Amino acid sequence: MYIIGNLSLYLGIGIAFYSIILYVWGLKNKNNKMINSARGGVLSLVLLSSIATFLLLYNLGTSQFQYKYVAAYTSENLPLVYKLTAFWAGNAGSLLLWLFLLCLYTGFLVFSKEKRNPMMPYVSIIMLLNILFFFIVIVISGNPFEMTETIPADGKGLNPMLQHPGMILHPVTLYLGYVGLAVPFSFAIAALILKRMDAEWIKLTRRWTLVAWVFLTLGNIIGGWWAYLELGWGGYWAWDPVENASFLPWLTVSAFLHSVMIQERKGMLKTWNISLVIISYLLTLFGTFLVRSGVLTSVHAFGDGNLGAYFLIFMVFMIVLSLYVVLTRYQLIKKETNPIESYFSKESSFLLNNLILVGGAFAVLWGSMYPLISEALTGTKVNVGPPYFEKVMAPILLGLIVLMGICPLIAWQKATFERFIKSALWPLIAGVISAIILVAIGIKGSFAIVGLASTVFMFASHLKEFYDGIRARRKATKESVAMATCKLLVKNQRRYGGYIVHIGIAVIAIGVISSHAYVKDTLQTVSVGEKVEIGDYQLTFNGLTEHSKNGNGIVVAALETSYKGKSVGTINAEKIFYETWPEPATEVAIKTNWKEDLYVVLSSWESKDKATFQVKVNPFVSWIWFGGMLMVFGTAIALIGGKTTTSRVYKMGIQHKKAGV
Amino acid sequence: MTKNKKIITGLMLAAVAIAIMMFSSMPSAGSKEISISELEQNKAEYVGEYLMTQGLLNKESIKWDADKIELQFEIYDENNVSLPVFHKGIKPDNFSDDIIVIVEGMLDKNGVFEAEKVQTKCPSKYEGEDMENYDVETHKQILGEQKD
């Protein structure tokens, strides 16, 4: 087993290297035989990485403690699902997961229906460079098949915080997103090398990019959900450097997804798109570098020195490569790019949205890097916390929301202001009315009210788009409402899928704004029988009990809860003391209804009759998770359909005009 | 000037606005990270500034008032310089072992550090492997390295 595992890794290096050489050689001599052989090499890489992956899964599943990795992250009594998901609990395993996904993606590409595309060998070479890098890094600094000197009786066990459904999904989804971005990057570079300045590479990678993006979205949201349930500080996003590292590519890819539409339709913004995809890909490497190097103080720090350095080297290599390719082709790209024709058009509003997204990405990057920058410049490290990010990002995100409300209402090419006002009238009224209602029912905080009203405006303008579309269909075809809605979605999957994503964002925005602005928070020490009152809730402390389960000691605080004077049962806030772990874990007691979460943390106790609680009422937090699901649903709709051929674009253009958009 | 350029100029202005926003909120939002020794040497200089520092927890010094929800303790660095800390808020889990405590807040006139945030850290937080080195010496070493 030990031999098979290591052999597959070492062979991997060899074959990746071999395939790259054959591709280059084959391209040089126009030798198809060599290219075919290189393609075979890719297939065997898929096989090798699968072997390594399944071997590690097997080792973990059957508790082979002679392997360091298995002993370090699992223990005998761990449930099987967590034994298996310990795969990505540490460095070595998560690198292998990354490699495995990378090989799978490359395999898909090389044997897809585009396999005869002249770009494909170049794409493969760039993907293979990534694969080669990961094989080497795994062998040098993170081999999951390393053996222990003496076989321990039991492993050290998995960090209890990671024993949560969120942690089964969060790393995998993020990696799927990270790895997926390598594909559009490879295509962009390949297109540049071949001097193909049309939108072909964009069309071919549209689905890849969307998939990567939706996984990044999911990864971040699941991460927030996990933090909210498991870490017990009542929040879901802490602007930690590592969180920022996964937010950065999300921002730039979101920008990219919009700006490529302009290139697809109009042949504009070519340099911009290429830069965006390169930057997004580099940011994934940069994020990994941040996580693995420990240069920044973070709760996520893995703190394994060398690994970060390898990523830095690889990143610099990729920066140099992409800069070289872009600069040598710059004149050509410029020559074939159409200029933007009007200030007031969908094109420029997309460009504005792009600038805001990229500006936001830069602000986040700047804040995350500031400790390093300030240390280099002044000698003192200045840490930047949530106040900075909230102050800077709040107006940026507000701007985005407003723009998201305006964008769908503006026509392509050249819009007239009168027309726009006409279509924006109802959404605007909806926004204003919601602001008036909020003020009337006594809600305070002007920025939050502006934010909520803008969100309503954005939501309403999307509803209007749906309404107009459905009405136009019904007029033309006499279909029923449900039928017309379905047909509308099916016929314009990209457009309405995108709108559903926007609506998901609106739902999330409501959750984020209100949970930031209107959280109720109290910290109290109570004795048995005493009450904690917060919002509409009243909690009566019934004392602490202690019991043990699976060898872990659990301290339970029972709180009898009533909502608006009516009893809603007893909730339990717990602390769990793990046998295998030095720190106790917090089990938050959460009571959710559609508009708020009651969030109770048992923080410490003096005796079994006296304890200290942190109690919060977080408004609309569950909307964030629901909005996330909507975003995934919308993306799925956009993914399933939506051809990108020119005829399609032409037809859609006509429909746009018909619908009067 | 072509129309294209004009549009881009206009958009650049938006970018500049973002940049200004970014820099203007920087100093007020940041916390300076310094060592306890440095803080003790230049007390007067740092009074009123928002700071972050870290040190090992002195177990005997912990005073926890559950009714008022007030926490007092001392942390010390590798030069054995110690700093008294006052925190109005909850006591972190495991606040009794030899752990590294990271505090953020301000130094008051009496030389007591009024912490807004108290976080504990041990190298094993998310990684299993470091568990075997779980002792004070390693903490000290890590503490030293981070200062370098």
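Just so it is clear, none of the values below were taken in a lab; they were calculated from the coordinates. Just so it is clear, the structure is predicted and the values come from calculations on it, not from any experiment. Reconstructed Cβ throughout: ideal geometry from the backbone, glycine too, with neighbour counts over all protein chains shown.
Assuming charge only on the beta carbon of Lys and Arg (+1) and of Asp and Glu (-1), the dipole of the protein assembly as shown about its Cα centre is about 6520 debye to the nearest 20.
One Cα centroid belongs to segment A:425-488, the other to segment A:496-529; the line between them spans 21 Å.
For segment A:1-158, the residue among A:Val81, A:Tyr67, A:Val42 whose Cα projects farthest onto the positive side of the dipole built from Cβ charges is A:Val42. Among the listed pairs A:Lys575/A:Lys608; A:Lys444/B:Lys32; B:Lys59/B:Lys121; A:Lys391/A:Lys422; A:Lys266/A:Lys346, those with a Cα-Cα distance over 22 Å are A:Lys444/B:Lys32; A:Lys391/A:Lys422. On a 18 Å Cα-Cα criterion, which of the cross-link pairs B:Lys43/B:Lys68; B:Lys88/B:Lys117; A:Lys595/A:Lys616 come out too long? Flagged as over cut-off: B:Lys43/B:Lys68.
By the count of other C-beta atoms within 10 Å, a proxy for reagent exposure, B:Thr53, B:Thr120, A:Thr477 are ordered fewest to most as A:Thr477, B:Thr120, B:Thr53.
Can you give me the C-alpha center-to-center distance between segment A:357-382 and segment A:56-123, rounded to a whole angstrom? Comparing the Cα centres of segment A:357-382 and segment A:56-123, I get a distance of 33 Å.
Between the amide H of A:Tyr67 and those of A:Thr148, distances stay under 5 Å, these residues lying 5 or more places away or on another chain, with hydrogens modeled in the peptide plane.
In plain terms, the C-alpha convex hull of the protein assembly as shown casts an average shadow of 37.5 nm² when viewed from every direction. Each eigenvalue of the Cα gyration tensor of segment A:191-327, multiplied by 5 and square-rooted, gives one semi-axis; in descending order these are 31, 20, 10 Å. The mean count of C-beta atoms from other chains within 10 Å of the C-beta of residues in B:48-59, rounded to a whole number, is 1. Remark on A:Glu596: its backbone amide H falls under 5 Å from those of A:Phe620, a criterion applied only to residues 5 or more positions apart or on other chains, H modelled at 1.01 Å from N. Averaged over the residues of A:359-368, the number of partner chain Cβ atoms lying within 10 Å of the residue Cβ comes to 3.
Note on segment A:293-427: dipole from Cβ charges, positive end direction compared against A:Phe420, A:Pro387, A:Val316; the farthest Cα belongs to A:Phe420. Among the trypsin sites (Lys or Arg not before Pro) found in segment A:340-431, those both in a DSSP coil and sparsely packed, with 16 or fewer other Cβ atoms within 10 Å of their Cβ, are A:Lys414. Whole-Hz Karplus values for segment B:104-110 come out as 10, x, 10, 8, 8, 4, 8 Hz, taken residue by residue from phi with 6.51 cos²θ - 1.76 cosθ + 1.60 and θ = phi - 60°; glycine and proline positions read x.
For a straight C-alpha distance cut-off of 16 angstrom, the lysines reachable from A:Lys156 (same-chain residues fewer than eight places away being disregarded) are A:Lys68, A:Lys83, B:Lys125.
All C-alpha to C-alpha distances of segment A:1-158, sorted into 10 Å bins beginning at zero, yield P(r) values of 12, 38, 26, 16, 7, 1 percent in whole numbers. Among A:Trp237, A:Trp594, A:Trp605, A:Trp25, the ranking by other beta carbons within 10 Å of each residue's beta carbon, starting with the fewest, stands as A:Trp594, A:Trp25, A:Trp605, A:Trp237.
Annotation: amide H-H contacts under 5 Å for A:Ser75 (H modelled 1.01 Å from N, sequence separation of 5 or more, or interchain): A:Gly157, A:Leu158. Any idea which of A:Ile4, A:Ile640, A:Ser562 is furthest toward the positive side of the dipole for the protein assembly as shown, if Lys and Arg beta-carbons carry +1 and Asp and Glu beta-carbons -1? The Cα lying farthest towards the positive end belongs to A:Ile640. In the protein assembly as shown, helices alone account for a calculated mean residue ellipticity at 222 nm of -20000 deg cm²/dmol, with every DSSP H run of four or more residues adding -39,500 (n - 2.57). Taken about its Cα centre, segment A:10-135 carries a charge dipole of roughly 560 debye when the Cβ of each Lys and Arg holds +1 and the Cβ of each Asp and Glu holds -1. When you count the other C-beta atoms within 10 angstrom of each residue and take the mean per peptide, A:493-502, A:423-432 line up highest first as A:493-502, A:423-432. Take each residue in A:384-396, count the other chain C-beta atoms within 10 Å of its C-beta, and the mean is 4. Applying Stokes-Einstein at 25 °C and 0.890 mPa s to the Kirkwood radius of segment A:320-364, computed over alpha-carbon pairs, gives a translational diffusion coefficient of 192 µm² s⁻¹.
Whole-Hz ³J(HN,Hα) for each residue in segment B:65-82, computed from phi via Karplus 6.51 cos²θ - 1.76 cosθ + 1.60 with θ = phi - 60°, x for glycine and proline: what do you get? Each residue of segment B:65-82 in turn: 9, 5, 5, 8, 6, 10, 10, 10, 6, 10, 10, 9, 9, 5, 8, 6, 7, 10 Hz. Fewest neighbouring Cβ atoms within 10 Å first, the residues A:Cys486, A:Cys103, A:Cys407 line up as A:Cys486, A:Cys407, A:Cys103.
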